[in-house]
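The structure under discussion appears below in the form of C-alpha cells.
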Amino acid sequence: MKLTLEFAKPEDATELAELRVLAMRPSLEKIGRFDAERARQRLLGSFVAEYTRLIKLDGLLAGFLVQRPQDNDLLLDHFYLHPDFQQRGLGSVAIKLVLAEADALGKIIHVGALRDSDANRFYLRHGFVLREVAEFDNYYLRYPRSPS
C-alpha cells in the first residue's frame, strides 16, 4: 500500500467537487445543512490547482487536500477522503506528510472543522489546538515542531 500526494491539475476540479459532496454529506446532514450544490460551489469557487494535492493510494484517487498560504502561515482549507477510503488510517498518513512539510518550513497550520464532525478528534489527535468556537465550526492551529 503506497500513499502519495500529487499536485492537482485544473481539469480535476469537477471530480474533486463531487468527492467533497460525498465526504461532507454525513456531517452536513447531521446538522441539517446539507446542500450538494453549495458544497460543490464552495470548492469550485476557490479552486487553485497549485494549492491542491490529490491523495492517491496505489494510484487510485482516495481524497484531496487544499493548503494555501495565509499571511505567513498555511491554511488547510479542505481535506477530504472518499467514503470508501475512510476509517483506514489514510487520513493520518496524509496529514503526517503535510505536517512534516509545514514543520520543515517553520509554518503554523490553520484549519476549521464542523463542530459535530469526527474531524475535530482527528485534528486534536494530530497536534492541533482549539483556537476558536463559532456557530457551526471549530477553528484550530498547529505550531511547527522542531525536527528531532
Review point. Label 7 Å along Cα→Cβ of E15; the stretch 37-56 residues with amide nitrogen under 18 Å?
Key: 40, 43-44, 47-56
Practice item. Figure the gain on full extension for R115 and D58 (residue separation times 0.36 nm, minus the Cα-Cα span) and round it to one decimal in nm. Key: 17.3 nm
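Just from its helices, what would the mean residue ellipticity at 222 nm be for the chain, if runs of 4 or more DSSP H residues each count -39500 (n - 2.57) and the sum is divided by every residue, rounded to the nearest 500 deg cm²/dmol?
Result for the chain: -10500 deg cm²/dmol, rounded to the nearest 500.
Given a Förster distance of 22 angstrom, what is the FRET efficiency for L130 paired with I108, based on the Cβ-Cβ distance and rounded to 0.05?
For R0 = 22 Å, the calculated efficiency reads 0.95.
I need the peptides 124-137, 38-51, 61-74 ranked by packing, meaning the mean over residues of other C-beta atoms within 10 angstrom, with the highest value on top. Provide the component values of the computation, followed by the final result.
On the way: 124-137: 12.5, 38-51: 14.6, 61-74: 17.9.
Averaged packing, sorted descending, gives the order 61-74, 38-51, 124-137.
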Study note, to complete from the structure: Among F122, A13, I55, the residue whose Cα sits farthest towards the positive end of the charge dipole of the stretch 3-142, when +1 is placed on the Cβ of each Lys and Arg and -1 on the Cβ of each Asp and Glu, is F122
Practice item. Please report, in cubic angstrom per residue, the volume enclosed by the convex hull of the alpha-carbon atoms of the chain. Key: 116
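No lab work stands behind these numbers, since they all come straight from the coordinates. These numbers come from a predicted model, not from an experiment. Cβ coordinates were reconstructed from backbone atoms using ideal geometry, including for glycine residues, and neighbour counts include every protein chain displayed.
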